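One structure below.
The values are calculated or read from the model by the stated rules, or taken from the named source; none is laboratory data. Everything numeric in this text was worked out from a predicted model, so none of it was measured. Note: ideal-geometry Cβ built from the backbone for every residue, glycine included; neighbour counts use all protein chains shown. Remember, those area values only see protein heavy atoms, side chains included, never the ligands or the DNA or RNA. Shrake-Rupley method; radii C 1.70, N 1.55, O 1.52, S 1.80 Å.
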Number of protein chains: 2
Amino acid sequence: MDKLGIDLHLDVGEPRARSIESALREAVTTGRLPAGTRLPGTRGLAEDLGIARGTVVAAYAQLVAEGWLVSATGSGTRVADVTLPPTPRDIPVRRVVDLRPGRPDLSLFPHGPWAAAVKRALAAAGTGSMDYGDPAGSRELREAVATYVSRARGVRAEAGAVVITSGFTHALAVLARALRGSGTIATEDPGLAHHRRLIHGAGLETAPLRVGPDGADPAEIPSRASAVLLTPAHQHPRGVVLGQAARTAFLAWARDRDGYIIEDDYDGEFRYDKQPVGALQALDPDRVIFAGSASKALAPGLRLGWLVVPPRLRIPVLDALAATGATVGTPGQLALADLLDRGDYDRHVRRARVVYRKRRTELAARLAELTEVPLDGVPAGLHALLPLASAREERRLVDAGLEGGLQLAGLHAAGYWHSAEGAKAGLIIGYGTPPQHAWRPALDALTEVLRGAEIAPW
Amino acid sequence: MDKLGIDLHLDVGEPRARSIESALREAVTTGRLPAGTRLPGTRGLAEDLGIARGTVVAAYAQLVAEGWLVSATGSGTRVADVTLPPTPRDIPVRRVVDLRPGRPDLSLFPHGPWAAAVKRALAAAGTGSMDYGDPAGSRELREAVATYVSRARGVRAEAGAVVITSGFTHALAVLARALRGSGTIATEDPGLAHHRRLIHGAGLETAPLRVGPDGADPAEIPSRASAVLLTPAHQHPRGVVLGQAARTAFLAWARDRDGYIIEDDYDGEFRYDKQPVGALQALDPDRVIFAGSASKALAPGLRLGWLVVPPRLRIPVLDALAATGATVGTPGQLALADLLDRGDYDRHVRRARVVYRKRRTELAARLAELTEVPLDGVPAGLHALLPLASAREERRLVDAGLEGGLQLAGLHAAGYWHSAEGAKAGLIIGYGTPPQHAWRPALDALTEVLRGAEIAPW
């Protein structure tokens, strides 16, 4: 099984469960793993790959549900005899409910209105709109985004400063390339491993900025860094807001050091207790690159994001964008511009906000029955962090979740920390993820899993 | 005006006229060039940038038409006093007819059917389809593409081998990164400068393969090269087909050298005199990476392309794709899958083929009245190359074209040649580009421009 271990090291996206799932699915569909092949045990494979056992269990469970693998008590998991590939959508899949963070409730995605927007926008667009077009994005969407982020997030933006990307991942790859003369980008600790990998892939190094109750610590910026990646409105994954003093200090650093701040405003529209904190970018549009996307407000499958770029960086950013070879298709750009211009985007965000706020409140109420330890961070976004006493307890809960039909994300196991030293444990509860009908059962199952858990503030 | 000259060095896409146009438009909209600023003369700027004067003239003309610039005889071209940015679609633009190659007649793009396909596909898709999804592409589109390229181009493909990209540009950026251990990719000479720049941007070198009447010459592959980029079905820009002996030799080289061939099948659906030559990939799917896109058959604005990747390259290609951070949005992928599955894509290609075949025939007939020199290459694709006696004559014709309301592409000036040594002159006539109503006037204008021209076989 050595070969399998190696082939599974597909490092192509977050979360890792999907990478393993994809790698296994491909290995089966291409015949690389013939029917009947016995897969390694979940414990052994998890150790080989250095990930949580629950992640492997979840991937196996999904592929069993899809019919690619068969599992029999006592004889382990084997590759199914699939002469004709099964079509997953035709199979009644018993999927465990996903409470991992990173995506909105996809059942809220407005399929009909999106298709209608494509139709309206294409009917209104001139023939030339289907040409290669401006690599920075269509004029319609750049104008609509500039108006939207100014209105909704207080960003200082004009259409000429907006660059359309295939979501934040693409934006970060572009920025890392544009900034690669810099050498090092400081990133939040804990923070998304996937973002660090993208930065490394562009030939840069990363350095950790420990995140406290007031967000990332500006005192930790190493002297070699010339850019910083932050989530100021709602830190991912801790959920805290970047404090006023830290904001001032980061901006002062950027001016003194001739550096840049990348503001990843991934869920800035979703704050439940008050008005969201305005964008850091407004305080210094020459030093802060603002990044947003439709991934949380609508759906990640749209692959639509945007940057508001300081004047001095525009040409390096457009050069880096050209080097990725990727721009976003016109129909999607024009449809999003249409929804933004009509106010439909805002209305959708408001409706979704009501749903998520209610879930957050219900989650907090349930937890209050179990523990006096509060969720970390402010009521905002689509996830909340519950601190745990140990990595062992985290593993136990993730495994117990799977047995109870829940996919849970462990903070310690999921690669958020730059290094094992000082890494803390917790559950990142993606309460925004389940479809509406599955939320209450998921909450019930979570409550059972957490009963008696060693929840403890860090 | 030194600053302008530097700022104009925006190298973000083909053709260059659009880069200059974009750079100028941005400079005006952002206020970097204030109202009233006098622009440099077209001749001087063309020399500064090392490009054809006609390219600069065309960019100025377009921006005058859009209202960003004003032009007065005797006093040159100045930045217009635009307090409110004009919306280009509201202005009656007097665009010169574009006879440059690289895109289809965009007026043929089926707006209504595309929007209907988005609607059908989203209605049929499960909720999970709007998630991040498989980075290699949606299962539906990978299956549809595998079926299509097998049927239409004789490619040996299964869904597991297909990777969806944001057009060929993205595909090439991904491949260059996946192959960057190789050091050098040999590319056709003449061939697209944009492709060489993408390869260089990934840290690789390029080496020229001179293109003769039988296509690229395999004897010229330098020993340091470990990959080759070819357009076997219809060489761009010469229009010749890769001969049988050359096909055999390239494949033998790939096997001996452990190398790869990238088959850029950019317009393989369009052959007018006989069945198109089948894909080279079918002769050795382990050595040939097949690349296609919807850019010529439907429209480049969709940004939808595909690769069929040999098994050994799949993981490197998926890693490289992840490093670009870009994947294609689900609605576009599902809509294309829908059109392919219903046969609508094939029907559209057949209809378009009739249009382009007729234009090619009319073009050849007109030229036959003017010269005995035939168009280079076979009757196929959306462009044809007319050889000229000198670069001076090429420049003269491009300038004369603009005066007659035509944008023409000069082979010598447009960066197709790896080096000035041995570079030949010609016009690459993109007969597929004009909208249907503009084709006949364009052909008339072209005939006038070419009357008395120094057309000469190389």
* Asked: For region A:416-449, how many residues meet the condition of being out of contact with any Gly (no Cβ under 9 Å at 6 or more places or on another chain), away from every other protein chain (no Cβ under 14 Å) and either in a loop (DSSP other than H, G, I, E, B) or under 27 Å from A:Val211 (Cα atoms) (or both)?
  -> 8
* Tell me, please, whether a residue that is modelled with pLDDT of 60 or more and either over 19 Å from A:Gly410 (Cα atoms) or open to solvent by 40 Å² or more (accessible area, probe 1.4 Å) (or both) can be found in region A:5-22. => yes
* To do: Would you check which residues across region A:181-198 are within 14 Å of A:Ile261 (Cα to Cα) and surrounded by fewer than 24 Cβ atoms within 10 Å (Cβ to Cβ) and list them?
  => A:Ser182, A:Thr184
* To do: Mind telling me which of the residues B:Tyr356, B:Tyr345 ends up being under 24 Å from B:Ala233 (Cα atoms), open to solvent by less than 20 Å² (accessible area, probe 1.4 Å) and touching a helix residue (DSSP H, G or I) at 6+ places or on another chain (Cβ under 7 Å)?
  => B:Tyr345
* Asked: Consider A:Gly259 against the criteria (1) within 25 Å of B:Gly201 (Cβ to Cβ); (2) within 14 Å of chain B (Cβ to nearest Cβ): it satisfies all of them except one. Which criterion is unmet?
  -> (2)
* Examine region B:96-111 for a residue that is more than 7 Å from chain A (Cβ to nearest Cβ) and without any contact (Cβ under 8 Å) to a residue 24 or more places away in the chain, and state whether such a residue exists. => no
* Structure fact -> Of those in region A:406-452 that are among the small types (Gly, Ala, Ser) and in contact with a helix residue (DSSP H, G or I) (Cβ under 6 Å, 6 or more places away or on another chain), the residue farthest from A:Pro101 (Cα to Cα) is A:Ala425
* To do: Quickly run through region B:418-437 and pick out the residues that are hydrophobic (A, V, I, L, M, F, W, C) and surrounded by 20 or more Cβ atoms within 10 Å (Cβ to Cβ).
  => B:Ala425, B:Leu427, B:Ile428, B:Ile429
* Out of the residues in region B:140-163 that are in contact with a Ser or Thr (Cβ under 8 Å, 6 or more places away or on another chain) and within 11 Å of chain A (Cβ to nearest Cβ), state the one that is surrounded by the most Cβ atoms within 10 Å (Cβ to Cβ). => B:Ala161
* Does B:Arg120 count as within 29 Å of B:Arg350 (Cβ to Cβ), at the interface with another protein chain (Cβ under 10 Å from one of its Cβ atoms) and either open to solvent by 20 Å² or more (accessible area, probe 1.4 Å) or β-branched (Val, Ile, Thr) (or both)? -> yes
* Where B:Val64 falls short, out of the listed (1) surrounded by fewer than 16 Cβ atoms within 10 Å (Cβ to Cβ); (2) modelled with pLDDT of 70 or more -> (1)
* Quickly run through region A:331-385 and pick out the residues that are in a loop (DSSP other than H, G, I, E, B) and either over 30 Å from A:Met130 (Cα atoms) or within 14 Å of chain B (Cβ to nearest Cβ) (or both). => A:Thr371, A:Glu372, A:Val373, A:Pro374, A:Leu375, A:Gly377, A:Val378, A:Pro379, A:Gly381, A:Leu382, A:His383
* Somewhere in region B:387-407, is a residue outside any loop (DSSP other than H, G, I, E, B) and either β-branched (Val, Ile, Thr) or assigned by TED's automatic domain parsing to the domain that holds B:Gln275 (or both)? -> yes
* Asked: What residue, among those in region A:343-363 that are free of Cβ contacts under 8 Å to residues at least 40 places away in the same chain and under 28 Å from B:Val328 (Cβ atoms), is nearest to the chain's Cα centre (by Cα)?
  -> A:Arg347
